[in-house]
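A quick write-up on the structure given underneath.
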Amino acid sequence: MIVDSLSRAFFYGLAGSGTLKKVASRYGLRRRDSFGRRFIAGETIEEAIESVRTIEAGGLRTTLDFLGESVGSSAEADGITREYLAIIARVTDAGIDRNLSVKLTQLGLDVDRVTCIDNLRRILDRTGDNFFIRIDMESSDYVEQTLDVIETLWDQGYRQIGAVLQSYLRRSTDDARRLSALGIRVRLVKGAYKEPASVAFQKKAEVDEAFVRLMRILLDENPYPAIATHDTTMIEATTAYAAERGIGRERFEFQMLYGIRRDLQSSLARQYTVRVYVPFGRQWYPYFMRRLGERPANLFFVFASLLRER
Ligand code: FDA
C-alpha cells in the first residue's frame, strides 16, 4: 500500500508537468496503436461513437465521458456546456446508449455554484427523460458541493441524474444512506484521487472492506446501484450478496473502464448488465495519468508505443 500511495503521488506529480503533457498530446492518440488509445476512445465524438458501436455490438452498455477537468471562468464553462449539447444531439442521432458521465468542475463548479447549476440544468433540459446523466465524483474538496448540486436539481424534479460515491472516503456510508433515502442512483467506486488520511482510508484492505459494506447498503437501499470495479473479489462479493438477498439482476449493474479487463467485461456481460465507461476528447492527459497511477505496470505499453512512434 505504501507503494500504491507513492505511485499515485508520483503520477500526480507527472500529471502536473507541462512538458510531459505536450509530448503526450502530440503522440498519445495520434495513431490507433498510440499509447493513449489503450484507455481513451479518441479525441472526437465520431471516434467515440465508433468505439461505442463496437462495444455495444458485444452485448455491453456504455456511458460516454467527454474528458476535461476544472474550468476557471463562466465563459469557459459555457463553452463546455455548448460542447455537451452538441454531443447530446450527436448521441441521439447515432442511436447509441443515451448515457453521459459529467464532471461538475467542467461546468463551472470552481467559478460559482449558480453557474454550475444553470449549466447542468441546460444539459438536463436538453436530454429529457430517456437520457441518463451520471455526475462523476472528483477529489474530496468537491464532494459536498457535488452532492449539493445533484440534490438541488433532484429537488427541482430532474430524475435522470445520478451520483458517484468513493469507498476510500470515510464519509461515504452516510452519503450512501442520504442519497438512497432520496432515491438518487449511486455508482460505487474505490476512488481515484490522492487523498489525505484525515478523509480517506489509506490501506487497500480498508478501502475494499468499505467497498463491500457500501455495496451491501446500496443493493439493499438504492433504486439501481452501479458497482464499478475491475476487482474480481468485489464483483464476487456483489453477486454473492445479491443471490443471498434474492436481489434480481435487473436491480443493479456492473461498470468498468474502457480498455481495462476487457475479458472480464465480456464474460460478466453474459450474465449481468455491464456498462463500459468510454472517455474521449482532447483533454485526456489527467485521466490517463490516473489510470497509470492505479497500475504502474501500464507504463510498459507507453514505452513500447513511444518506441514504435520514433
Ligand atoms: P483495483 O485498483 O484494486 O484494481 C483491481 C484490478 O483491476 C487490478 O488488479 C487490475 O487487474 C485491474 N485494474 C485496475 N485499474 C487498472 C488500470 N488502470 N490498468 C490496468 N488494470 C487495472 N473514480 C473516482 O474517483 N470518481 C469517479 O467518478 C470514478 N468513476 C469511475 C467509473 C467507472 C465505470 C469505473 C470502473 C471507475 C471509476 N473511477 C472513478 C475509478 C475508480 O475509483 C478506481 O480508481 C478504478 O476503478 C480502479 O479500481 P478497481 O475498483 O478496479 O480496483
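Here each label is just a point 7 Å from Cα along the line to Cβ, and for A57 and F300 those points are 2.9 nm apart.
For the peptides 240-246, 133-139, the ranking by packing is 133-139, 240-246, with the highest mean count of neighbouring Cβ atoms within 10 Å listed first. Against the compact-protein benchmark of 2.2 N^0.38 Å, the Cα-based radius of gyration of segment 47-190 scales to 1.03.
Given axes a ≥ b ≥ c from the Cα gyration tensor, I'd like to know whether segment 195-279 is rounded (a/c under 1.5), prolate (a/b larger than b/c) or oblate. Oblate, because a/c is 1.5 or more while a/b does not exceed b/c.
Which FRET efficiency value, to the nearest 0.05, do you get for D112 and R159 by plugging their Cβ-Cβ distance into 1/(1 + (r/R0)^6) with R0 = 25 Å? Computed FRET efficiency for D112 and R159 comes out at 0.50.
A cut-off under 11 angstrom between Cβ atoms defines the neighbours of A237, and their net charge, with Lys, Arg +1 and Asp, Glu -1, is -3. Projecting label points 7 angstrom from Cα along Cα→Cβ for R90 and K203 puts them 4.7 nm apart.
Helix-derived [θ] at 222 nm for the chain: sum -39500 (n - 2.57) over DSSP H runs of at least 4, divide by residue count, nearest 500? Result for the chain: -16000 deg cm²/dmol, rounded to the nearest 500.
Counted by Cβ distance under 11 Å from L60, the other residues give a net charge of +1, where Lys and Arg count +1 and Asp and Glu count -1.
Convex hull volume of the C-alpha atoms in segment 157-209, normalised per residue: 85 Å³.
One decimal place: the segment E144-D263 gains 39.3 nm when fully extended, by the rule 0.36 nm per residue minus the C-alpha distance. As an equivalent ellipsoid, the chain spans semi-axes of 27, 24, 21 angstrom, where each value is the square root of five times an eigenvalue of the C-alpha gyration tensor, largest first. Report note on the peptides 68-75, 185-192: ranked by the mean count of other C-beta atoms within 10 Å, highest first, their order is 185-192, 68-75.
Here the label points at R213 and E250, each 7 Å from Cα along the C-beta direction, are separated by 3.3 nm in the simple model. Shape class of segment 129-188 from the alpha-carbon gyration tensor: prolate, with a/c at 1.5 or above and a/b greater than b/c. Counted over the chain, the DSSP beta bridges are approximately 5% antiparallel.
Values quoted throughout were computed directly from the atomic coordinates according to the rules given, and no laboratory measurement underlies them. Just so you know, these numbers come straight off a predicted model, no measurement behind them. When we count neighbours, we look across all protein chains shown, and the Cβ atoms used for this are built from the backbone with ideal geometry, even at glycine.
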